[in-house]
1. So in segment 283-301, with the set limited to residues that are touching a helix residue (DSSP H, G or I) at 6+ places or on another chain (Cβ under 7 Å) and more than 21 Å from residue 346 (Cβ to Cβ), which one is surrounded by the most Cβ atoms within 10 Å (Cβ to Cβ)?
2. Mind counting the residues in segment 266-285 that are part of a loop (DSSP other than H, G, I, E, B), more than 15 Å from the chain's Cα centre (by Cα) and either on the phi < 0 side of the Ramachandran plot or at pLDDT below 95 (or both)?
3. Collect the residues in segment 151-160 that are without any contact (Cβ under 8 Å) to a residue 40 or more places away in the chain and either touching a helix residue (DSSP H, G or I) at 6+ places or on another chain (Cβ under 9 Å) or part of a helix (DSSP H, G or I) (or both), keeping them in residue-number order.
4. Would you confirm whether or not segment 170-177 contains a residue that is more than 30 Å from residue 7 (Cα to Cα), touching a helix residue (DSSP H, G or I) at 6+ places or on another chain (Cβ under 8 Å) and either at pLDDT 95 or above or assigned to a strand (DSSP E or B) (or both)?
5. Could you check segment 134-150 and list, in sequence order, the residues that are outside any loop (DSSP other than H, G, I, E, B), more than 19 Å from residue 176 (Cα to Cα) and touching a residue at least 40 places away in the same chain (Cβ under 8 Å)?
6. Residue under question is residue 168, and the condition is that it be surrounded by 21 or more Cβ atoms within 10 Å (Cβ to Cβ) and touching a strand residue (DSSP E or B) at 6+ places or on another chain (Cβ under 9 Å); does it hold?
7. Tell me the residue from 41, 30, 8 that is touching a helix residue (DSSP H, G or I) at 6+ places or on another chain (Cβ under 9 Å) and at positive phi, please.
């Protein structure tokens with residue numbers, strides 16, 4: 001039986017990966033200590049997701065462990081010797097990192113080093129996948145010439161008609177401390193792939209979403225927006241006229257891509273992971289989509305000042321992913337994502 005180790009296994013991506021590979025008959029161990037609730041508050045608690053996975057899958061084992069605990073991480077890798085490692089544990093908030101910089105860096109950067117070094121020492125043949133972020137590009141995407149349309153900003157440069165490629169610069173930009181810690185992890189995982197000839201990749205996620213996310217204002221854009229609509233809660237738009245654009249990928253498509261990479265791994269690769277232009281929407285467009293489902297208009301407030309380092313328009317160029325893995329593609333449309341997340345919130 002093949003073995004998978006998932007960190008952050010109770011979060012959105014981690015739990016989707018657990019569910020996907022358990023259904024394929026793998027033995028899966030999940031590492032999670034519910035640090036998300038510590039970072040983002042009780043509404044982001046993920047214990048419910050842990051219990052859901054434990055009730056669904058006999059071949060899933062939860063392991064209470066902090067990725068900062070270097071010795072116990074090493075023990076875990078020594079005992080398990082997994083075939084695949086998906087590192088999804090993180091301090092996820094762009095904003096929170098500024099108030100807790102040591103926690104942010106210790107979890108995101110040092111935790112990644114703990115895991116990749118233990119992999120090198122104790123499971124060097126394993127495929128290692130890091131859930132990175134598009135924040136590694138900092139605010140440099142805002143330097144692309146944009147055009148303002150009725151409901152969104154868009155690229156006004158033919159070079160980026162398909163979105164932002166992996167060759168886009170990561171230098172000379174404001175990343176936020178979260179972006180800096182994730183960039184450190186990203187480069188580290190690339191380096192282990194190239195220097196030690198390990199099978200590694202970094203998935204630079206845009207707005208990864210789905211029905212099993214404990215979304216809050218500081219993390220989980222689409223899910224939180226839909227939740228606010230259903231509850232009649234005030235939603236705050238931070239700058240850019242509400243026309244800022246994000247591309248959205250369902251967590252199930254992330255799991256499918258990880259499986260594809262496992263079957264044909266490479267050393268030190270990076271992929272921009274998002275919904276691309278076809279699954280993109282602005283905040284204003286998202287308001288209309290959720291209102292069409294709920295028959296309720298958004299209750300929102302506009303704040304003139306944008307979040308520091310926030311992207312005005314971000315869409316992932318999926319050309320490289322599709323070229324390397326031609327049998328993989330997006331399988332869940334933006335409309336289906338909205339419907340699934342909407343139904344999930346109505347059932348909670």
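The values are calculated or read from the model by the stated rules, or taken from the named source; none is laboratory data. Keep in mind that this is a model prediction, so the values were computed, not measured. No Cβ is skipped: glycine too gets one built from the backbone with ideal geometry, and neighbour counts run over all protein chains shown.
1. 283
2. 2
3. 158, 159
4. no
5. Listed by number, the residues that qualify are 146, 148.
6. no
7. The match here is 8.
Here is a yes/no grid of residues against (1) assigned to a helix (DSSP H, G or I); (2) surrounded by fewer than 21 Cβ atoms within 10 Å (Cβ to Cβ):
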| residue | (1), (2) |
| --- | --- |
| 107 | yes, no |
| 110 | yes, yes |
| 118 | yes, yes |
| 124 | no, yes |
| 128 | no, no |
| 132 | no, no |
